[in-house]
Amino acid sequence: MHLLKYFLSILLISFPILIWSQSQWTEVIAQNDNFFEITRKSDVYFSDPARRTSKQYKHYRRWKWEMQYHVAADGVMKNYNALNFKASQKLSRSRTQMRSTHGGWTDIGPSDYFGGDAYSGGGIGRINCTTFHPTDPLIFWVGTAAGGVWKTVDGGLNWIPMTDAFPSIGISGIVVNPTNPDIIYILTGDADASVLRSPKVSTIGVLKTTDGGLTWNNTGLSFGAHNEAFGFKLIGHPTDPNILFVAFKFLGIRRSDDGGSTWSEVAIDMTVWDIEYKPGDPSTMYAASDIGLLKSIDGGLIWDIENDPAFPGLPLSSNNRMAIAISPSAPNNVYAVFGGDTGINSTFLGLYKSTNSGSTFTQQSTTPNILGWSTNGTDAEDQASYDLCIVVDPADDAQVFVGGINLWKSLDSGVTWGRETWWTRNFHPFDPYVHADWHNVYMRGTTLYGNVDGGIYKSEDFGNSWTELTGGLSIMQFYQISILNSQYLGGSQDNGTNGAAVSNQQTHNILGGDSFGCTWHSGDNSIQFISTQNSIERRQFGSNISIWDETEGFWFTDIKMHTTDANYFFFNKNNELFRANQDGAIWSFQFDSLKTNNIFTADILGYSQGFDTNAETMYAVDQFHIIKTTNLGTIPPTWEVKVNPSATVMISDVIQDPGNATRVWVTYGGYVDGVKVFFSSTGGDSWTNVSGTLPNVPIRCITYHDGTSDGLYLGTDIGVFYKNATMSDWIYFSNFLPSTIVSDIEISEGFVYAGTFGRGIWKSSVYSTCVADLVLTPANDPSNPLSIGHQEYHVDNSLTSTRIIQGNFADIRYNAGNVIDLQAGFWLKQGNFLEMKIEDCPD
């Protein structure tokens, strides 16, 4: 039956806030629940310890962590990527906020790794999709979870970032024009991470470049703050470069006939995970949806439910996820693979094959569980809602590959299976390691390419052996970093705890899974304290000793050393603080009296221990509360609730003056303009708003530069800001830094370090006063060959530049006391902004 007649009218982008498909976990959540209602119901649901062992709990905790930085007191969720994009554009055109931004950021990676424990093996970061050059096999592009688009021209030996100029964002699809590869389309957002409705991974639409990535512009498919949407796949017509399709969660299928300028609805009110052309016949298309397999015989104008009403052989259910594949060697044969959409007591639901272009299907297999975690497929779990993919050998229709946790291969059209990869590096000596969680798998000729949570891999022998192509990709998603003696540690999403010398782009993966807080023992630097979602661990000389194990118990733990006693460190777990010694003895800092009054029951988002003479003082914050103790050495200490200067937005972090514990700053997330940073000189009894003209984006973290006049660094969703006591407002301290989420900031030995969520770790000299003279050349444009993004320079005397600014997002200001000299070789491409002023240095 027909789903929808082709609309002649052009799609107007104005969608309501959407809901998610129902499954075991989300059945407890109502359609219009806000953030607080969702978290309350989910916390009750996952109070059952058995449910916390499911992978859905991982996705819930990630969702909760991200959302609490973005919602206001009303709990209403919006398209935060759209809000960040708008704020970034407004900031780049601001004439009043910007002042001197001395310092320049360089990328310290990691862009490669070695080591890896027996449970993970390590990786660099999640990649969602790959697109290949139409003629050159060495050129291809990848879309990442939070680090934008990257390109290689040498088969994956080296990589170039292509989208650093606008706020870092997930990419779910890339299409290259088959006749002009300088024309590229990207589908923004990270739909695989939208297991629960997740506005932070929403798409802002499809963007387009006509010059190979130097310039990116919106197409007619754009989404604003009130238009949540999640795009799974973007495909282009095999021969007509003007025809494009996007497969959406909830919204169905959108089609463009004019290179993205306008779009029409061709299927509505459904989730479509996958969409494919029939090889050799572009008039025939297939789409995997939550109402069944869809088919079009007119090039995607009209879609039919191919398996309705008899549903011949396919396990149709809104709780299942489907992926499809067709081989050019047998274009009438269609494969469909199904996995459960819940990840809780769900499993491989079958591989099905049609030999009549999708009219009927035959079940090929339902065992073993090729989507699970076990080596032989005997478990009963999958996480197909997060990762499911399939490809068929272009030359051999019987050879099928399916990716879930691992990659499995069949040589007989899916009747029998053998596992090709294993997600733990040291399990079997003959099992090829590839990081867990397959989001896409491709075959180009006889070469397989896999996109997983650890990066991109290729196999030239049909999956028997694999080569990592991650070297040069700086896309790790860090939660927390720690710096000591030009060494770093960092806890990251999916890829564990990593550490290396600051000068070394190759990191050592020392712990797998999701890792969070980490620090060095302040008295013995050979000892490190690190964390995962399951444990707090003490590491020394390459060996880990568990201090506390608890299944799924330590999400987003922050670890800090005691400032005066090297034998103790602190860490948080949900709504509790703990003190531990290096041998593992632990004392809880439970807030019993506060819990009795129903205060401070939410997750701890930050705590700030005093320094030097303030060693007995600590502040801690949850979403809406600030508490303080002045007897930290007492077990348990005495806590008091302090005044929260804003009840409209959720608190994100807290820091105190190392020399005076009564001076404290708190920061806020959310999108309430002017509610970003507050200062108290009375130990939290009264507050002053010092937000200034900070852009309306969430503040993630705050760091105090000891030994300065209140030098403060803020990490935000679009970069770093700085202010000290001599300044009347904040400055954008982000020269050469991608417009990215900064989740943690550390200061060490005259440098400031930013741990980003999707673009690795970056380093800059700390803020300094103006220099006398400055010469800017392409050679000293670090980590930024196109000279894109925000750059601002103030000098006392003269500034000379021969820079080449090619991108269209550059926002550059040259300010000098006497002379600005643009010498031969300087080039500013149309579409960029350059402001030059002869003025006194503002320092």
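The values are calculated or read from the model by the stated rules, or taken from the named source; none is laboratory data. Computed from a predicted structure; not experimentally measured. When we count neighbours, we look across all protein chains shown, and the Cβ atoms used for this are built from the backbone with ideal geometry, even at glycine. Ligands, DNA and RNA are excluded from the accessible area calculation, which covers all protein heavy atoms including side chains. Shrake-Rupley method; radii C 1.70, N 1.55, O 1.52, S 1.80 Å.
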Heavy-atom SASA rank of Thr648, Thr532 (probe 1.4 Å, accessible area, largest first): Thr648, Thr532
Answer label for P(r) over Cα pairs in 20 Å bins from 0, in percent (calculated), chosen among (1) 14, 38, 30, 13, 5, 1, 0; (2) 13, 37, 35, 13, 1; (3) 16, 49, 30, 5, 0: (3)
Local net charge near Lys353, Cβ-Cβ under 12 Å (Lys/Arg +1, Asp/Glu -1): -2
For the stretch 252-267, Karplus couplings with θ = phi - 60° (6.51, -1.76, 1.60), whole Hz, Gly/Pro x: x, 10, 10, 10, 10, 10, 10, x, x, 5, 10, 9, 10, 7, 10, 7
Within-12-Å neighbourhood charge of Ser522 [Cβ basis; K, R +1; D, E -1]: -1
Spin-label pair Asp565/Thr446, simplified geometry with 7 Å Cα→Cβ offset, distance in nm: 6.7
Long pairs among Lys78/Lys249; Lys573/Lys628; Lys78/Lys233; Lys278/Lys458; Lys64/Lys763, criterion Cα-Cα beyond 27 Å: Lys64/Lys763
Local net charge near Pro368, Cβ-Cβ under 11 Å (Lys/Arg +1, Asp/Glu -1): 0
The stretch 188-276 - charge dipole about Cα centre, Lys and Arg +1 at Cβ, Asp and Glu -1, debye rounded to 20: 260
Using alpha carbons only: equivalent-ellipsoid semi-axes of the stretch 373-502, gyration tensor based, whole Å: 31, 16, 13
Partnerless cysteines, meaning none of the other Cys C-beta atoms lie under 4.7 Å away, in the chain: Cys129, Cys389, Cys518, Cys701
Of Gly148, Pro328, Gly404, farthest towards positive along the dipole that unit charges on Lys, Arg, Asp, Glu beta carbons give the chain: Gly148
Convex hull projection area averaged over all views, the stretch 195-282, Cα basis, nm²: 6.6
Listed residues Pro241, Ile183, Gly231: farthest to the positive end of the dipole of the stretch 182-279 (Cβ charges): Gly231
Descending principal axes extents, the stretch 626-728, alpha-carbon based, whole Å: 41, 32, 21
Electrostatic dipole magnitude of the chain [Cβ: Lys, Arg +1; Asp, Glu -1; Cα centre; debye, to 20]: 860
Principal-axis tilt of helix 55-67 within the chain, Cα atoms, nearest 10 degrees: 50
Dipole axis of the stretch 359-462 (+1 Lys, Arg; -1 Asp, Glu on Cβ), positive-most option in Ile456, Ser374, Thr421: Ile456
For the stretch 121-164, the Rg and Dmax computed from alpha carbons only, in angstrom: 10.7, 34
Where trypsin sites (Lys or Arg not before Pro) in DSSP loops with at most 10 other Cβ within 10 Å are excluded, longest remaining stretch of the chain: 96-843
Longest segment of the chain lacking GluC sites (Glu not before Pro) that sit in a DSSP loop with at most 10 other Cβ atoms within 10 Å: 1-748
Sites Ala772 and Ala725 - FRET efficiency at Förster radius 30 Å, r taken between beta-carbons, to 0.05: 0.80
Above-threshold pairs, the threshold being 27 Å between Cα atoms, out of Lys208/Lys829; Lys58/Lys151; Lys151/Lys353: Lys58/Lys151; Lys151/Lys353
The chain - percent relative contact order, Cα under 8 Å, separation 6 or more: 12
Relative contact order [Cα under 8 Å, 6+ residues apart], the stretch 153-308, whole percent: 14
Acute angle (nearest 10 degrees) that the helix 35-45 long axis makes with the longest principal axis of the chain, alpha-carbon atoms: 70
The stretch 475-559 - Debye-derived log10 I(q)/I(0), Cα point model, q = 0.11, 0.13, 0.15, 0.27 Å⁻¹: -0.25, -0.35, -0.46, -1.48
